[in-house]
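Encoded as structure tokens, the structure appears first; notes follow it.
The values are calculated or read from the model by the stated rules, or taken from the named source; none is laboratory data. This one's a predicted model, so the numbers in the text were calculated from it and none came from an experiment. We place every Cβ from the backbone using ideal geometry, glycine too, and count neighbours over all the protein chains shown.
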Amino acid sequence: MEQVPPPGSIVVADWHRCKDSKEYFSKILHKKRRKHFGLLESPVMPPNAAVDTVHYKIFISGKSGVGKTALAARLTGLNIPNVHYETTGIETTVVYWPVKLRESGRVLFFRLQLWDCGENALRRFDHLLPSCKEQVDAVLFLFSFTDRTSFDDLSNQIAKWTGPSVGQVAKLVVGTKFDLFMHCDVAERDVRDFQETWNLPLLRMGGEVSDGLGDVAPLLNCLAEQLWHQDCVTAGAASRRSQQETVTLL
């Protein structure tokens, strides 16, 4: 069973709305729109306000048509495609997201490299999935509220990313097209049952992009919490092993 930190217990929720965050969020905005960062680009802070950056690799998993490419575009501030097309290979985009740790007040830039790979491409080319799994830190499992089969397939998706061969990987579930309630094929009762069974964070995405921050902040903050919690647990385990080895040598 996954150990999930309570929402808002690690990072300050809605920090992007606070005055003391403006200096940091201004570095990922340009004329109130998100800046687009290439693989070698990063936000530039003044020397007196230098901020540590933590790097993570995120894989977006889901059936064809659930909105993987659209979610990546939304999270990075790019234009969301109007027409669905199957991703032919691996597409990577970079998201920078500043967070404030609740306990220490420390500010960090999370650099999230999103990996999006088409379902058909994964089936055709055996080398793609191992490349996506290599040194991955988190997986976003997507389903569409308008596609019942994508929801029923979540268990199979999660099983592929569970076990010793995968290692420690943060897991989040994202339900897309939540705003299309007239075409909803997934009931809230089913969502609650799924969460009770898997104990994984589940977020809902849909609707028009607003200010480029408010609509993505819940997901990015939740992802940041899972990743930081995972790192702290791993660091704590490593420290305990080191202490045990020291005691054994003595």
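For this structure, a couple of remarks:
- Thr146 surrounded by 12 or more Cβ atoms within 10 Å (Cβ to Cβ), outside any loop (DSSP other than H, G, I, E, B), among the β-branched types (Val, Ile, Thr) and modelled with pLDDT under 95: no
- Hey, Lys160 basic (Lys, Arg) and more than 27 Å from Gly236 (Cα to Cα) or not: no
- Residues of the range 178-199 that turn out to be touching a residue at least 60 places away in the same chain (Cβ under 8 Å) and more than 17 Å from the chain's Cα centre (by Cα), as a count: 1
- Condition check for Leu223: modelled with pLDDT of 90 or more and assigned to a loop (DSSP other than H, G, I, E, B): no
- Close pairs from the range 52-75: first without any contact (Cβ under 8 Å) to a residue 24 or more places away in the chain, partner among the β-branched types (Val, Ile, Thr), Cβ under 8 Å, at least 6 apart: Ala73/Ile80; Ala73/Thr93
- Single unsatisfied condition, Val139 versus (1) farther than 26 Å from Arg192 by Cα; (2) outside any loop (DSSP other than H, G, I, E, B): (1)
- Pair list, Cβ under 7 Å, 6 or more apart: the range 142-164 residue touching a residue at least 60 places away in the same chain (Cβ under 8 Å) and within 18 Å of Thr69 (Cβ to Cβ), other residue part of a loop (DSSP other than H, G, I, E, B) and of a type in the set (Phe, Trp, Tyr): Phe145/Phe178
- Some residue of the range 96-110 being of a type outside the set (Gly, Ala, Ser), touching a helix residue (DSSP H, G or I) at 6+ places or on another chain (Cβ under 8 Å) and more than 17 Å from Trp228 (Cβ to Cβ): no
- Helices (runs of 4 or more DSSP H) (entirely within the range 17-131) containing at least 1 residues that are surrounded by fewer than 19 Cβ atoms within 10 Å (Cβ to Cβ), among the basic types (Lys, Arg) and modelled with pLDDT of 90 or more: 22-25
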